[in-house]
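Here's the structure we're looking at; comments come further down.
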Amino acid sequence: ISIFAVGIVFGGIVTFGALTQNKAIVDKLPNFFSSASIGARKVVWNMAWQGVKERPILGWGPENFNAVFTKYFNPCLPLDKCGGEVWFDRTHNVILDNLIHSGIIGLIAYLSIFASVLFMLWRKIFRESKNWFLPSALTAALLSYFVQNLLVFDMLNTYIMFFFTLAFAGSAVYFNDEEKEGGGRSAIHTPHILISATVGVFLVCSLFYFGIQSFQAAHWGIVISRGGLSARDTIELYKKSTSLSSLGNRQIVEFFTINISDLLRKNTEKKVPPEFVMEVEKIMRKTAEENPYDFRHQIILGEFYTFAQAYDPGFITRAEEVLKNAIDMSPTNQEGYRLLAQVYIFTKDYEKALDLITKSVALEPDLGESHWYLGRAYTFSGNKEKAEEAFLRANELGYK
């Protein structure tokens, strides 16, 4: 009991110090508890809470935090005090994640897993034996797992261990040698052959689809990133990697399109083969159409169209349409305004570009990057005095 009490007090001090950023406490903690890390979480948690209030009963559906993140984006996020990250697909809090994914009903169902396991473990101890070690160890394992997920999210290794722990707890509750005459292992039953065969087939198919094919796609991605391939070979490998497994498919398309956009920005003289550009556009456009509520896909596609305009005059019009849609989806995110302003700079419509960048600055006046883009827009429009003021302000805010 004393150890438990000390743990509660220590945990309370760490939690208080991290959330309030108390210097005396935070200075003695790992960098994970710094203002950047905790600050980002506090901002994202507030955004998530807005989404929870909008759909409290059943939530937004599994893996749909990106919709909440887009709708309630906080323009403070790019600042260091708010973490400096602008993309989150999780809340980094298991309670809020469950509320977003499946609402109050889903959260109750999730918490009932822990409640039922702990209840059965301790009931068995009080009714049948006085061996406290096993239930204490399992309780500590489950509680530490739950507590860590209040600040992070499950990875494959922790998720698998969670199920192993539940399975072990289940065997500890229901396996009782004393209930069988003669004891021994007579309480363990061999599964029916049909059940074993079905599970075996399922495991083999899962290993192939989620394991081998995903590794194959990842391997091809590495080969592509190394370079040295012809344009035809590169696009063929790219198409193969996106057709094998749905696991990670969206990320593969995102990263590849971003890399091509960077290449097009640096090489404006059509050094990239046209058929290569068209195939990348086709795959990215299809991905965006399949995920119409994903703000990130709209941004990536809009930026690609902007820098690929030399290959198709219609791309600049598509860029404008896609980025306008992105702004409608997330009117508080500076990225959409900046990229659409880039489109208008290309079309020499500097008045519209300035208007958009001014809105971007107004969303978060302390973001130096926005002032730099404002100075750039003033430079193109020929207003050197205003451009210099904006660049100096960006420098004062730490944007070099």
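Taking segment 40-73, which residues are over 15 Å from residue 101 (Cβ atoms), open to solvent by 60 Å² or more (accessible area, probe 1.4 Å), touching a helix residue (DSSP H, G or I) at 6+ places or on another chain (Cβ under 9 Å) and not charged (D, E, K, R)?
Answer for segment 40-73, where residues must be over 15 Å from residue 101 (Cβ atoms), open to solvent by 60 Å² or more (accessible area, probe 1.4 Å), touching a helix residue (DSSP H, G or I) at 6+ places or on another chain (Cβ under 9 Å) and not charged (D, E, K, R): just 72.
I need every pair where a residue in segment 306-322 that is within 11 Å of residue 346 (Cβ to Cβ) has its Cβ under 8 Å from the Cβ of a residue that is open to solvent by 50 Å² or more (accessible area, probe 1.4 Å) and among the aromatic types (Phe, Trp, Tyr), sequence separation at least 6 or different chains.
Once the first residue is within 11 Å of residue 346 (Cβ to Cβ) and sits in segment 306-322, its partners that are open to solvent by 50 Å² or more (accessible area, probe 1.4 Å) and among the aromatic types (Phe, Trp, Tyr) give 306/346; 309/346; 316/346.
Among the listed residues 378, 373, identify the single one that is under 25 Å from residue 261 (Cα atoms), among the hydroxyl-bearing types (Ser, Thr, Tyr) and open to solvent by 50 Å² or more (accessible area, probe 1.4 Å).
373
What is the residue count in segment 117-143 for residues that are among the hydroxyl-bearing types (Ser, Thr, Tyr) and exposed (fewer than 13 other Cβ atoms within 10 Å of the Cβ)?
1
Select from segment 324-336 the residues that are in a helix (DSSP H, G or I) and under 22 Å from the mean Cα position of the chain (by Cα) and list them in ascending order.
The answer is 325, 326, 327, 328, 329, 334, 335, 336.
Considering each residue of segment 144-164, count those that are open to solvent by 80 Å² or more (accessible area, probe 1.4 Å), among the hydrophobic types (A, V, I, L, M, F, W, C) and in a helix (DSSP H, G or I), and give that number.
Looking only at that region, the number is 5.
Name every residue in segment 296-320 that is farther than 19 Å from residue 87 by Cα and either buried (at least 21 other Cβ atoms within 10 Å of the Cβ) or of a type in the set (A, V, I, L, M, F, W, C) (or both), in order of residue number.
305, 306, 307, 308, 310, 315, 316, 319
Just checking, which of 315, 304 is at pLDDT 90 or above, over 24 Å from residue 237 (Cβ atoms) and part of a helix (DSSP H, G or I)?
None of the other options fit; the residue is 315.
In segment 108-137, which residues are in contact with a Ser or Thr (Cβ under 9 Å, 6 or more places away or on another chain), at pLDDT 90 or above and either within 15 Å of residue 167 (Cβ to Cβ) or not in a helix (DSSP H, G or I) (or both)?
117
Restricted to segment 345-357, and to residues that are assigned to a helix (DSSP H, G or I) and more than 30 Å from the chain's Cα centre (by Cα), which residue is surrounded by the fewest Cβ atoms within 10 Å (Cβ to Cβ)?
Top of the filtered list is 351.
Quick check: anything in segment 263-285 out of contact with any His (no Cβ under 9 Å at 6 or more places or on another chain) and under 20 Å from residue 334 (Cβ atoms)?
Looking through segment 263-285, at least one residue is out of contact with any His (no Cβ under 9 Å at 6 or more places or on another chain) and under 20 Å from residue 334 (Cβ atoms).
Taking the condition free of Cβ contacts under 8 Å to residues at least 40 places away in the same chain and assigned to a helix (DSSP H, G or I), does residue 281 pass?
So residue 281 passes the test.
Hey, could you check segment 1-55 for residues that are assigned to a loop (DSSP other than H, G, I, E, B) and at pLDDT 80 or above and say which is farthest from residue 82 (Cα to Cα)?
Going through the qualifying residues, I end up with 1.
Conditions (1) crowded, with 22+ Cβ neighbours inside 10 Å; (2) assigned to a helix (DSSP H, G or I), marked per residue:
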residue	(1), (2)
322	yes, yes
343	yes, yes
359	no, yes
393	no, yes
400	no, no
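Out of all the residues in segment 242-253, is one or more open to solvent by less than 30 Å² (accessible area, probe 1.4 Å) and modelled with pLDDT of 75 or more?
Checked segment 242-253: at least one residue is open to solvent by less than 30 Å² (accessible area, probe 1.4 Å) and modelled with pLDDT of 75 or more.
I need the full set of residues from segment 284-295 which are open to solvent by 50 Å² or more (accessible area, probe 1.4 Å) and in a helix (DSSP H, G or I), in order please.
Filtering segment 284-295 down to residues open to solvent by 50 Å² or more (accessible area, probe 1.4 Å) leaves 285-286, 289-290, 292-293.
Across segment 284-295, the qualifying residues are 285, 286, 289, 290.
Anything in segment 271-297 that is modelled with pLDDT of 90 or more and within 16 Å of the chain's Cα centre (by Cα)? List them, or say none.
Across segment 271-297, the qualifying residues are 295, 296, 297.
Among the residues of segment 337-373, which ones are in contact with a helix residue (DSSP H, G or I) (Cβ under 6 Å, 6 or more places away or on another chain), closer than 14 Å to residue 78 by Cα and touching a residue at least 40 places away in the same chain (Cβ under 8 Å)?
Within segment 337-373, 363 is the sole residue that qualifies.
Scanning for something of a type outside the set (Lys, Arg) and either in contact with a Gly (Cβ under 9 Å, 6 or more places away or on another chain) or not in a helix (DSSP H, G or I) (or both), does segment 369-380 turn up at least one residue?
No, because not a single residue in segment 369-380 is of a type outside the set (Lys, Arg) and either in contact with a Gly (Cβ under 9 Å, 6 or more places away or on another chain) or not in a helix (DSSP H, G or I) (or both).
The values are calculated or read from the model by the stated rules, or taken from the named source; none is laboratory data. Note that the structure is a prediction, hence the values are computed from the model and not measured. Note that we place each Cβ from the backbone using ideal geometry, even for glycine, and neighbour counts take in every protein chain shown. Just so you know, the surface numbers come from the protein's heavy atoms only, side chains and all, with ligands and any DNA or RNA stripped out. Shrake-Rupley method; radii C 1.70, N 1.55, O 1.52, S 1.80 Å.
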